[in-house]
Amino acid sequence: MSIHLNLRQPSEVAAFFDSVMDFLPERDRAPYLALLAELQAGRHVDMTRLVEAAKNLGAATWPARRALKHFLDTVGASLEWDELIGLTEPSLTRDINKLQRAMPNKSLDQALASADAGLLINLKEDAELDIIRDQVRRKIWKEHQDKLEPMVQEAWPELEALRKRLKTLREEAMAAPPIIQDALLSKLDHFEDKIYFGGEHVPLEILDQEITYDVGDREIVPNEEPMG
């Protein structure tokens, strides 16, 4: 799943719902499945309701996705490589094998972040790989969920700390001078996008540093491109 999620595109939101639903306990899925059915049927969904539901689902599944990523970046790294073999087109399979040989003992995420990946895998193959990896990761999650449960529990306090800090920063942004308020809110949208939809972990000190503003100078610190 891409880090960026266009909440104004129902098809993108529906794809996000579908991609993370397996990480949510079955007892909690009903309202999200109902909303997913509305989106897939092309019915109009109130934007406020949609944004709130998407963020809630992203947060509710964040600990499981965080645990799976940690697992696949460490002791379970070989599982993702092995599962991909046979699922991709022959040319992409060859490139994946080359990448694995070039970067032994690395997870797929780590390998794909390398310069070698840019030379071996083109944009078309990257798009194919993104789709197949989503399927593979859900399969690994289902098969190893019990083993990953302790890591899921460890991730919940991280999530709660992030949510609390984001809430505080949003309240501060809403109280900021109008001249900088939009920029601050865009920054927060950007980080919420990365956390809730991208499943990333952002250290609290980075959040504080990036959202800090100087009311006296009416300036905001430089940051990454805000969410579009």
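Per-structure values
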{"item": "Residue ID - surrounded by the fewest Cβ atoms within 10 Å (Cβ to Cβ), chosen from residues in region 69-100 that are hydrophobic (A, V, I, L, M, F, W, C), in contact (Cβ under 8 Å) with a residue 40 or more places away in the chain and farther than 28 Å from L159 by Cβ", "result": "L87"}
{"item": "Selection count, region 78-136, where residues are within 25 Å of V20 (Cα to Cα), of a type in the set (D, E) and more than 20 Å from the chain's Cα centre (by Cα)", "result": "4"}
{"item": "Hits in region 24-35 (condition: more than 21 Å from K142 (Cα to Cα) and surrounded by 19 or more Cβ atoms within 10 Å (Cβ to Cβ))", "result": "L35"}
{"item": "Residue ID - nearest to A155 (Cα to Cα), chosen from residues in region 38-63 that are of a type in the set (A, V, I, L, M), more than 16 Å from the chain's Cα centre (by Cα) and surrounded by 12 or more Cβ atoms within 10 Å (Cβ to Cβ)", "result": "L50"}
{"item": "Residue within region 161-168 that is more than 18 Å from the chain's Cα centre (by Cα), of a type in the set (K, R), surrounded by fewer than 16 Cβ atoms within 10 Å (Cβ to Cβ) and within 18 Å of S19 (Cα to Cα) present", "result": "no"}
{"item": "Pair list, Cβ under 6 Å, 6 or more apart: region 113-133 residue within 18 Å of I85 (Cβ to Cβ), other residue in a helix (DSSP H, G or I) and of a type in the set (D, E, K, R)", "result": "L120/D95; L120/K98; I121/D95"}
{"item": "Identity of the residue in region 1-20, free of Cβ contacts under 8 Å to residues at least 40 places away in the same chain and in contact with a helix residue (DSSP H, G or I) (Cβ under 7 Å, 6 or more places away or on another chain), that ends up surrounded by the most Cβ atoms within 10 Å (Cβ to Cβ)", "result": "A14"}
{"item": "Filter result for R66 (modelled with pLDDT under 95 and either surrounded by 19 or more Cβ atoms within 10 Å (Cβ to Cβ) or of a type in the set (K, R) (or both))", "result": "no"}
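The values are calculated or read from the model by the stated rules, or taken from the named source; none is laboratory data. None of the values given here were measured: they were computed from a predicted structure. Neighbour counts are summed over all protein chains in view; Cβ atoms, including those assigned to glycine, are modelled from backbone coordinates with ideal geometry.
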